[in-house]
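Written out below as structure tokens is the structure these notes cover.
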Amino acid sequence: MEYFVVSLLNGTIYGLLLFMVSAGLTLIFGMMGVLNFSHASFYMVGAYLAFTLARPLGFWPAILIAPLPVGLLGIAVERFILRRVHRHGHAHELLVTFGLSLVIAEIVKLFYGNYPVDFHVPTSLNFAAFHIFGSDYPAYRVFMGLISLVMFGLVFLLLTRTRAGIIVRSAIYKPRMAEALGHNVPLVFMGVFGVGTMLAGLAGAVAGAFYTTSPSMALDFGVIVFVVVVVGGLGSLEGAMIASLLIGLVSSFAVGIDKSVADLCALFGAREWAEHVGGLMTLNISSLAGTFPFVLMLLVLMLRPSGLMGEKG
């Protein structure tokens, strides 16, 4: 029971963190069709900016201010880099953003070194939210989950209940019609890209204080956020939320299982055969936890190529 409850809590919070990072990519990748491989780098920049600003300003002003320069950086990237290669197709976008991620990583190392920085949870949130099975559950984990839920609600309402959201969706699906109505479609795309990177910066500013803030943090999330977007369905915030929670829960439960496939085969009297086969059959499931999100993506794409909540083409 303890394993189930703790894994459920940790998996849910981890899933909500994945949504925080992938929400911006859902807007950019799903709505603009831009393969932004550098999205996780903006997440990293947000964490380092919050760390830098927290010293003179304090933690709370830092996490509020840090996403703004990240959003401006995203606007500059879209205007002066991506717009020039967008017409050449996805391959060029992927190569340019991959190169951009390497440049950002090297700049971070140049200023902060190739090691983690001391960005930690503020004293005001460094306490136990509640006690469970004799252990303290950090309040900051709950705080991250709440921020993710608020982000989901605000972005969803912005896209579905406001005039700005209607303009964005019309510029995406009917760009010529939007231009005929007097809307500047390139400006709309630039704004969407800026908001997407700003959301990534906010995620980094919030999560960087709890998880390790280091030059490798972009690499840690760089691939998994694409898995979230693909599994959820391109352009679907609801799908991104569901996919994030699924991946978070699957990863959390898998990490705590110290059994192998051979142990499972023992229930059917096939342990000797499994041990004879060896390889993956004898590895603990916990050691394979990192592969399960990709297995989930494979299964979803086999059964529903458009993703869980994506529109069928």
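The values are calculated or read from the model by the stated rules, or taken from the named source; none is laboratory data. Since the model is a prediction, treat every value here as computed from it, not as a measurement. Using ideal geometry, Cβ is built from the backbone for each residue, glycine included, and neighbour counts are taken over all protein chains shown. In case anyone asks, the SASA skips ligands and DNA or RNA and just uses the protein heavy atoms, side chains included. Shrake-Rupley method; radii C 1.70, N 1.55, O 1.52, S 1.80 Å.
The table below lists the values:
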| item | result |
| --- | --- |
| Index of the failed condition, E238 passing every other in (1) crowded, with 17+ Cβ neighbours inside 10 Å; (2) on the phi < 0 side of the Ramachandran plot; (3) touching a residue at least 40 places away in the same chain (Cβ under 8 Å) | (1) |
| Filter pass, R169 being open to solvent by 70 Å² or more (accessible area, probe 1.4 Å) and assigned to a helix (DSSP H, G or I) | yes |
| Enumeration of residues in the range 241-275 that are open to solvent by 20 Å² or more (accessible area, probe 1.4 Å) and touching a strand residue (DSSP E or B) at 6+ places or on another chain (Cβ under 6 Å) | D258 |
| Any pair with Cβ under 8 angstrom, 6 or more apart, that starts in the range 35-46 at a residue that is closer than 17 Å to V228 by Cα and at pLDDT 95 or above and ends at one that is buried (at least 24 other Cβ atoms within 10 Å of the Cβ) and among the charged types (D, E, K, R) | none |
| Single condition S214 does not satisfy, out of (1) touching a helix residue (DSSP H, G or I) at 6+ places or on another chain (Cβ under 6 Å); (2) of a type outside the set (F, W, Y); (3) at pLDDT 90 or above; (4) open to solvent by less than 30 Å² (accessible area, probe 1.4 Å) | (1) |
| Only one of F42, F37 that is open to solvent by 20 Å² or more (accessible area, probe 1.4 Å) and within 14 Å of the chain's Cα centre (by Cα) | F37 |
| Only one of I104, I13, I75, I63 that is β-branched (V, I, T) and either closer than 30 Å to D258 by Cβ or open to solvent by 70 Å² or more (accessible area, probe 1.4 Å) (or both) | I13 |
| Residue satisfying condition, being crowded, with 18+ Cβ neighbours inside 10 Å and more than 29 Å from G208 (Cβ to Cβ), within set V192, V188 | V188 |
| Helices (runs of 4 or more DSSP H) contained in the range 183-296 and holding at least 3 residues β-branched (V, I, T) | 185-207, 224-232, 237-255 |
| Filtered residues of the range 107-160 (kept if surrounded by 14 or more Cβ atoms within 10 Å (Cβ to Cβ), within 24 Å of the chain's Cα centre (by Cα) and not in a helix (DSSP H, G or I)) | P116, V117, F119, H120, V121, P122, Y137, P138 |
